[in-house]
Amino acid sequence: MKNNGTFVKWAGGKSQIVEKYSPYFPDKIERYFEPFLGSGAVFFFVKKNFNPKEIYLSDINKDLIITFKVVRGKVEELIEDLKRRKKLHSKEYFYKVRKEKPTSYIERASRLIYLNKTCYNGLYRVNSKGEFNVPFGEYKNPQIFDEKILREASKKLRGVKLKVMSFGKILDLAKQGDFIYFDPPYLPISKTSSFTSYTKDVFLEEEHQKLAQLFRNLDKKGCFVMLSNSDHPVIRKLYNGFNINVIKARRAINREAKKRGPINELLITNYENKTLEQFMK
């Protein structure tokens, strides 16, 4: 599987699909915002291909933002702690770590990466109390971390602003000409396509309505806005009047293995997309 610089797995992560987004980015990106960070696959793509002068990454998942901060500024210490966890890895150790509540940023970051790479299906899911609750993954020899990828990610994150923040606050930070990419938890298209939550705060249809209003407010502000979501009638209705593009994706997480196949997703923009001829120049 191609790695685009990401060091964690994420449900709905864009590592395998971000190249398909290429024709839909603006020609130039000076300031970049990504309020639903996840694995950061789109950030790494934008950094490599556009190298914005300013980058703002945020998420309401505090441990995720801590992990990115540690990768940015304490990557060698993180690698050493991951080496320690790798030596201790076992089913028993996994459940011991799952119960832990470390206070140091290094240990919180290494815990997130360790659990993420050794749990079932690479999920990151918590219960209503905010406790990680994904079971052990039966992997014979999981690749918990890659030193080269972590060090490269550290370099790309230098100068990047990282913050624990809800998506709605972007409206106060963004200004005309900025590019914002939204990758919210998708609106489920079936009962089996969803899982509990990335955080203890659920993201339901009401939140999607608020996000759609934010999208329109940013459009009025003169920002370039892109959003990905499931191909659901509700999403199509919420973004009626904007450019709605269908992207073929592969479902990576489903309770039924036979349903982990190609599926339509939507990529919505508020600006004119490049033509194929423009993109090939």
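Bear in mind that the values in this text are calculations on the coordinates, not laboratory data. A quick note: this is a predicted structure, and the numbers were derived from the prediction, not measured. Don't worry about glycine lacking a Cβ; one is built from the backbone with ideal geometry, like all the others, and counts go over all protein chains shown.
Worth pointing out:
- With both residues required to sit in the chain, DSSP beta bridges show an antiparallel share near 50%.
- Size of electric dipole in the stretch 128-179: Cβ of Lys, Arg +1 and of Asp, Glu -1, about Cα centre, debye, nearest 20: 280
- Check: the stretch 1-143 dipole with +1 on Lys, Arg Cβ and -1 on Asp, Glu Cβ, in debye: 380
- Greater than 20 Å apart at Cα, pairs in Lys69/Lys161; Lys221/Lys248; Lys48/Lys155; Lys48/Lys161; Lys47/Lys169: Lys221/Lys248; Lys47/Lys169
- For Lys148, Lys140, Lys20, the sequence from fewest to most other C-beta atoms within 10 Å is Lys140, Lys148, Lys20.
- Helices that extend 18 Å or more along their long axis by alpha-carbon positions and average at least -0.5 on the Kyte-Doolittle scale are, among the DSSP H runs of the chain, 105-118.
- Between the C-alpha center of the stretch 1-68 and that of the stretch 100-178 there is a gap of 13 Å.
- Counting only DSSP H runs of at least 4 residues, each contributing -39500 (n - 2.57), and dividing by the residue count of the chain, the helix-based mean residue ellipticity at 222 nm comes to -10500 deg cm²/dmol.
- Charged-residue dipole, Cβ positions (Lys, Arg, Asp, Glu), the chain about Cα centre, Debye nearest 20: 720
- Sequence-separation-based contact order of the stretch 70-149, relative, with Cα cut under 8 Å and 6+ spacing, percent: 29
- For the chain, the Rg and Dmax computed from alpha carbons only, in angstrom: 18.6, 55
- Per-peptide packing, taken as the mean over residues of other Cβ atoms within 10 Å, places 162-168, 39-45 in the sequence 39-45, 162-168 from highest down.
- Charge-dipole axis of the stretch 70-224 as Lys and Arg at +1 and Asp and Glu at -1 on Cβ define it, positive-most pick from Gly168, Gly130, Phe182: Gly130
- Under Stokes-Einstein, with the Kirkwood radius over Cα pairs as Rh, the value for the stretch 70-149 at 20 °C and 1.002 mPa s is 166 µm²/s.
- Mean sequence separation of contacting Cα pairs (under 8 Å, at least six apart), scaled by the length of the chain, corresponds to a relative contact order of 22 percent.
- For the chain, a Gaussian network of Cα nodes joined below 10 Å ranks Leu157, Leu112, Leu88 by mean-square fluctuation, and the top entry is Leu88.
- Prolate/oblate/rounded label for the stretch 1-68 (Cα gyration tensor, a/c 1.5): oblate
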